[in-house]
Structures are given as C-alpha cells and as structure tokens.
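Below is one structure; the comments refer to it alone.
What follows draws every value from the coordinates through simple rules; no lab data is involved. These figures come from a predicted structure and were not determined experimentally. Cβ placement follows ideal geometry from the backbone for every residue including glycine, while neighbour counts extend to all protein chains displayed.
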Amino acid sequence: MVTSTQARIPSLDLLKGFVAVGRHLSITVAANELHLTQSAVSRQILALEDALECKLFLRSHRSLSFTPEGERLFRKVDPSLRRLQEAFETLRPAERPVTVTASIGVATLWLLPRIGRFQERYPDIDLRVLALNRVADLKREGIDLGIRYCRPEDAPPGATLLFEESIGVVANPVLEIQRLNSADDFQKLVLLEYEDPQRPWLTWKTWLGERGWLDARPRSVVRFNQYDQVILAAMSGQGIALGRVPLISDQIEKNLLRYVEMPTLSHPCRYGYWLIQPETTPRPVVEVATRWIKEEAGRRTAVVS
C-alpha cells in the first residue's frame with residue numbers, strides 16, 4: 001500500500017533539475033549540465049513547485065535566488081542525490097584497464113616517463129603496463145595494445161609504425177665527452193654493453209666494426225642483460241652507451257644524457273617500433289590510448305646522427 005507521504009515524493013528528474021538549478025542559481029548553466037533546453041529545465045522547476053504547492057525560487061530579470069522553502073529543500077535533497085549517485089556508481093561494473101605490453105627497455109625508457117601525461121589527460125582511464133621481453137599473443141592473453149620491435153616485413157597486418165630505430169652514442173654531460181674521431185679516443189673510456197645475441201647491431205663490436213675501429217682498446221667494458229640497465233648506468237656517469245634514439249628522447253630533453261658527436265654513416269637500421277592491437281573494433285578506452293601513444297610518438301626529439 002502506498003502511503004500519503006510516498007505519494008507526495010516528486011519524480012527524480014524533477015529533483016535533479018531543481019538541484020542543478022540550485023547549485024548554480026542559473027537555469028542556463030543547469031540546462032547545459034543536464035544536456036537539456038532552458039525551457040525544459042524551467043518546466044521541471046514549475047512542475048516541482050506545483051507538486052509541492054510552494055515557490056522554490058525568486059525570479060528577477062537577471063538573477064535567481066532561493067525562497068526559504070527552496071533553500072530548505074536544497075539542503076536536504078542535494079546531499080541525498082549525491083549519495084544516490086555514489087551508490088549507483090558502486091553497482092556499475094568497473095571498466096577493465098587498458099593493457100599495453102612492450103619490452104622491458106621500451107616500457108621503462110619510453111612508456112613509463114610519459115604515463116603521467118596520460119593520467120593527467122585521462123584520469124578516468126586505468127592503464128596497465130606489461131613489460132615482457134617476449135612476443136606475446138595479444139588476443140589469447142587479453143592484451144589490448146603492444147609495442148613491437150621488428151622489421152617492416154615482420155610487422156603484423158594493421159600495425160602502425162611509431163618510429164624507426166636509430167643509434168647514437170650517449171653519455172652523462174658530467175663526463176664532458178664531446179666527440180669521438182678515432183679508435184684512439186676510446187683508451188680512457190668505459191663502454192656500457194648490452195648483451196643480446198639476437199640484436200648484434202646494438203653491440204659495440206658491430207658499431208666499432210662499421211667504422212673500422214675494431215682496434216679500439218677501451219679502459220673497460222661493463223655488460224648488462226637488460227637495455228634499460230645500460231641507459232641507467234650511462235645516466236649515472238658510469239660510461240658511454242649506444243643509445244637507441246627513439247627510446248631516450250625524455251632523458252635527452254632533461255639533460256640526463258647527451259649525444260656524443262662522431263663521423264656519420266649511411267647505414268640505417270631496418271628495425272622499427274610498431275603499435276599493434278588484436279581487435280578490429282577495440283573498446284573506446286583502447287581507442288583513446290591508441291591515439292595518445294601515436295601522439296606521444298610524434299613528440300619525439302629529433303634524431304641526432
């Protein structure tokens with residue numbers, strides 16, 4: 001059985017319109033907030049006043065103010081509607097985070113320094129970074145996006161090239177290494193080496209050989225099995241490293257690393273960094289993350305030979 005008290009409760013739409021007007025004391029602003037016309041909001045207020053048999057607002061030519069009854073109602077209804085909204089939010093299924101996978105080096109050096117910009121721009125989208133030094137099966141493993149390092153012929157259909165690989169010698173500015181002109185210039189230097197037999201073009205042996213400097217005798221060589229460790233060691237001034245230019249633009253911009261000048265070669269690396277996704281119709285939040293990654297790739301510092 002419906003009681004007389006329950007029968008007097010106006011519809012939720014009327015109360016939402018009343019609270020929106022009351023928060024701003026403006027029908028125009030409330031209409032924009034509710035995505036309604038001004039006349040529709042005005043009709044809601046009039047309908048609520050008729051249902052309650054009292055005036056809620058005092059209207060003048062350029063302003064709106066509460067009546068005592070309107071202010072009393074607003075103080076009760078506004079927090080109640082907020083609590084209702086919070087209750088409804090807890091019942092909605094949470095949006096699954098956008099999962100992005102990349103190698104440890106790419107994730108650490110390129111993706112992570114940029115996450116803050118994503119969070120600032122899209123605070124309602126959760127991002128999950130999965131650092132893997134293996135080629136993941138994105139669809140089978142439920143991964144939304146992947147950044148893959150490969151040649152153009154090995155990129156999956158539909159992949160987007162973010163940037164091409166480029167190599168340059170880098171060092172901490174405190175070492176004051178300006179230029180390398182010959183093998184003799186290496187005598188007092190420590191080389192930071194990335195050990196990866198599958199990528200010989202990232203090794204000092206290949207780099208020196210291309211320049212005819214295999215007789216170089218550095219002071220010592222420190223070897224690492226992860227590329228991000230090489231760059232972290234270079235940033236701390238422990239030696240010079242072969243910098244993968246697309247990945248270290250953030251460190252260059254912050255003057256944590258500096259390019260070392262040298263004679264240039266015209267042997268570009270055929271590898272690049274490709275953005276791939278398994279779904280042809282991804283979720284809207286994945287589309288947002290995709291656009292953001294492409295934009296960030298376009299912000300990259302110019303390549304220094």
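Structural remarks
- Within straight-line cross-link reach of residue 76, lysines at Cα separation under 16 Å, skipping those fewer than 8 residues along the same chain: 16
- Exposed GluC sites (Glu not before Pro) absent: longest stretch of the chain, with sites in DSSP loops and at most 13 other Cβ within 10 Å deemed exposed: 196-278
- Distances between every pair of Cα atoms in the stretch 4-91, grouped in 5 Å steps from 0 to the bin holding the largest one, split as 3, 14, 24, 27, 19, 9, 4, 1, 0 percent.
- Cα centre as origin, Lys/Arg/Asp/Glu Cβ charges: the chain dipole, Debye: 460
- Sorted ascending by nearby beta carbons within 10 Å, beginning with the fewest, 35, 61 become 61, 35.
- Surrounding net charge for residue 26, when Lys and Arg each add one and Asp and Glu each subtract one, Cβ distance under 14 Å: +2
- Counting neighbouring beta carbons within 10 Å and listing from fewest to most, the residues 207, 110 come out as 207, 110.
- Nearest-20 debye value, the stretch 164-220 charge dipole, Cβ charges on Lys, Arg, Asp, Glu: 220
- Eligible aspartates and glutamates near residue 294 by straight Cα distance, threshold 14 Å, same-chain separation 8 or greater: 164
- The helix-only estimate of mean residue ellipticity at 222 nm for the chain, built from DSSP H runs of length n ≥ 4 each weighted as -39500 (n - 2.57), is -10500 deg cm²/dmol after division by the residue total.
- Evaluated at q = 0.20, 0.32 Å⁻¹, the base-10 log of the normalised Debye intensity for the stretch 78-127, with identical point scatterers placed on the Cα atoms, takes the values -0.79, -1.12.
- Each 10 Å bin from zero holds the following percent of Cα-Cα pairs in the stretch 96-200: 10, 33, 29, 19, 8, 1.
- Taking a Cβ cut-off of under 14 Å around residue 131, the surrounding Lys, Arg, Asp and Glu residues balance to a net charge of +1, with basic ones at +1 and acidic ones at -1.
- Percent of Cα pairs exceeding the 27 Å cut-off, where the set is the chain: 59
- With only the Cα atoms considered, the stretch 167-259 has a convex hull volume of 88 Å³ per residue.
- Environment charge at residue 109 (Cβ cut-off 10 Å; Lys +1, Arg +1, Asp -1, Glu -1): -1
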